[in-house]
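Right, one structure below, let's go through it.
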Amino acid sequence: MQLPEGASVTNVLLQFQQSGLVQYAEPDYILHALNTVPNDPLFSIPDNDPNTVDQWGMNNLGQDNGTAGADINAPEAWDIQ
């Protein structure tokens with residue numbers, strides 16, 4: 001439903017609730033993705049900390065004599081999806 005210019009979403013939702021004609025209504029918020037870094041506690045970017053798990057398959061920077069770039073580009077994927 002398109003609201004008239006200047007209409008308050010809160011007031012329109014309240015009117016719908018009070019009318020008894022609508023079972024459920026909510027605003028359609030527009031969301032935008034932000035450039036983020038992984039927040040999964042099991043994912044860690046290599047940091048030379050022996051207490052963290054460095055998953056080279058996620059983001060291979062050549063740690064442990066590996067081949068830099070031989071990974072699935074997980075940090076880049078977090079920025080997309």
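The values are calculated or read from the model by the stated rules, or taken from the named source; none is laboratory data. What you see is a predicted model, and the numbers here were worked out from it, not measured in a lab. Methodologically, a virtual Cβ is constructed for each residue, glycine included, from the backbone with ideal geometry; neighbour enumeration extends over all protein chains shown.
Things worth noting here:
- Some residue of the range 43-53 being surrounded by 12 or more Cβ atoms within 10 Å (Cβ to Cβ), at pLDDT 70 or above and of a type in the set (S, T, N, Q): no
- Output for the range 12-33, where each listed residue is loosely packed, with under 10 Cβ neighbours inside 10 Å and either in contact with a Ser or Thr (Cβ under 8 Å, 6 or more places away or on another chain) or farther than 30 Å from residue 80 by Cα (or both): 18, 19, 20, 21, 23, 24
- Candidate set from the range 63-81 (those that are among the small types (Gly, Ala, Ser) and out of contact with any Phe, Trp or Tyr (no Cβ under 9 Å at 6 or more places or on another chain)); member that is farthest from residue 32 (Cα to Cα): 68
- Filtered residue count, the range 58-73, keeping only those that are within 30 Å of residue 31 (Cβ to Cβ) and modelled with pLDDT of 80 or more: 3
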